[in-house]
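Here is the structure we will look at, set down as structure tokens.
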Amino acid sequence: MLGIQGIYALITNRYAASCLESDDNGAPIVRDCDFTYATEISLLNKVLDRPLLKAEAWLDLAVVVVMIIAFQFHRINMRKIVAQVDQDTLSPPDYTIMVRRIPSDVTDEELIKYFEHIIPNRKTPVAHINRSYDVAMQIREARKITGLTGKMKKAKTQEEKDAILTQIKEIQRKLEEADEEGVELAPVAFVSFEKEQDARDVEYFLMGPPLKRFLGSILSYPKTLFKERLHGKFTPVVEAPEPSDILWENLTYSNRVKMRSRAVTFFMTAILVAGCFGALIGISVGQVISLSFWLIFR
């Protein structure tokens, strides 16, 4: 689409003749427009041809709209490919579900019993349970130490190195205090079943179709839609991601926090797209307005 817009601009610039137009006295209408190869294919050679300018402005708009739509289709297509690859390959996540919002006082034995008998009149044997810990602070601080270590290697003076070393020691002290206090369990666990079908059936039994899942995520899983409770609390589940895709420090974030972050990202992206679109339209309109004033007051 960008190629079509560029080709259109070059061709119409080439075959327009604004630089060759003259008034009744034989003077060129477009001043400082020597008819050379450079000006022949430039927008300057088209400033007097308003239909071509308007057509180019509409083509600019079409390019922006088509690119937005194309990116969305590309995103959907990539998700379909990921889903197809996941369906055609067998991996540990196929047997595992990720459980969220687990009450802090729930034991591993209670989790096993809950998920083995969640579906009425059927047992879904659990092979293993992995509990996660709230290590967000530890990981953030460890990354700070890595960054400060790199800065210390680049420091030129001893004073800079001493200042960075002081910061590293302070972070290490905080980590040691956290280790002494102990790390709390995160409200997330990974439940692996003996059979792949059991994992999928338990997930669908708890969460239902996509519309129900969406409503639950924005309504905080009301009891009228999600009746199963563990210690009085609903525990939403999804198919577990690949182990290499898990960011352990992000597991404690709730769906509401994630949706808020995504909304901010979408809003900022929309602003950037709108700004680019406005700039394209503004430049095109500005060219026409500037030409009109120039023709009136020249």
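The values are calculated or read from the model by the stated rules, or taken from the named source; none is laboratory data. Note that the coordinates shown come from a computational prediction; the quantities given were computed from them, not determined experimentally. Neighbour counts run over all protein chains shown; Cβ positions are idealised from the backbone, glycine included.
Any residue in the stretch 94-102 that is under 26 Å from GLU196 (Cβ atoms), touching an Asp or Glu at 6+ places or on another chain (Cβ under 8 Å) and in a helix (DSSP H, G or I)? Yes, the stretch 94-102 contains at least one residue that is under 26 Å from GLU196 (Cβ atoms), touching an Asp or Glu at 6+ places or on another chain (Cβ under 8 Å) and in a helix (DSSP H, G or I).
Among the residues of the stretch 85-99, at least one is surrounded by 14 or more Cβ atoms within 10 Å (Cβ to Cβ), in contact (Cβ under 8 Å) with a residue 12 or more places away in the chain and under 28 Å from GLU181 (Cβ atoms). Mind checking which residues of the stretch 121-163 are outside any loop (DSSP other than H, G, I, E, B) and β-branched (Val, Ile, Thr)? Passing the criteria: VAL126, ILE129, ILE139, ILE145, THR146, THR149. Cβ separations smaller than 6 Å between residues 6+ apart or across chains give the following pairs from the stretch 53-76 residues that are closer than 15 Å to ILE281 by Cβ and in contact (Cβ under 8 Å) with a residue 12 or more places away in the chain to residues that are among the hydrophobic types (A, V, I, L, M, F, W, C) and not in a helix (DSSP H, G or I): VAL63/MET1. Is it the case that some residue within the stretch 164-177 is more than 30 Å from LEU90 (Cα to Cα), in a loop (DSSP other than H, G, I, E, B) and at pLDDT below 90? Checking the stretch 164-177: not a single residue is more than 30 Å from LEU90 (Cα to Cα), in a loop (DSSP other than H, G, I, E, B) and at pLDDT below 90. Annotation: of all residues in the stretch 233-261 being closer than 11 Å to ARG101 by Cα and not polar (S, T, N, Q), the one that is surrounded by the most Cβ atoms within 10 Å (Cβ to Cβ) is VAL237. Between GLU116, GLU110, the distinction of being under 30 Å from SER220 (Cβ atoms), in contact (Cβ under 8 Å) with a residue 60 or more places away in the chain and either in the same structural domain as SER192 (by TED's automatic domain parsing) or exposed (fewer than 11 other Cβ atoms within 10 Å of the Cβ) (or both) belongs to GLU110 only.
Going by the conditions given, is ALA279 at pLDDT 75 or above and farther than 20 Å from THR96 by Cβ?
Considered against the rule, which asks whether it is at pLDDT 75 or above and farther than 20 Å from THR96 by Cβ, ALA279 comes out as yes.
Take PHE73 and tell me if it is part of a helix (DSSP H, G or I) and in the same structural domain as LEU185 (by TED's automatic domain parsing). Here the answer is no, as PHE73 does not meet what is asked.
Condition check: outside the structural domain of ALA199 (by TED's automatic domain parsing), in contact with a Leu (Cβ under 9 Å, 6 or more places away or on another chain) and not in a loop (DSSP other than H, G, I, E, B). Does ILE271 satisfy that? So ILE271 fails the test. Considered as a group, the residues in the stretch 205-247 that are in a loop (DSSP other than H, G, I, E, B) and in contact with an Asp or Glu (Cβ under 7 Å, 6 or more places away or on another chain) include one that is nearest to ARG260 (Cα to Cα), and that residue is PHE234.
From the list VAL191, VAL183, VAL202, the lone residue that is within 24 Å of ARG131 (Cα to Cα), touching a residue at least 24 places away in the same chain (Cβ under 8 Å) and in a loop (DSSP other than H, G, I, E, B) is VAL183.
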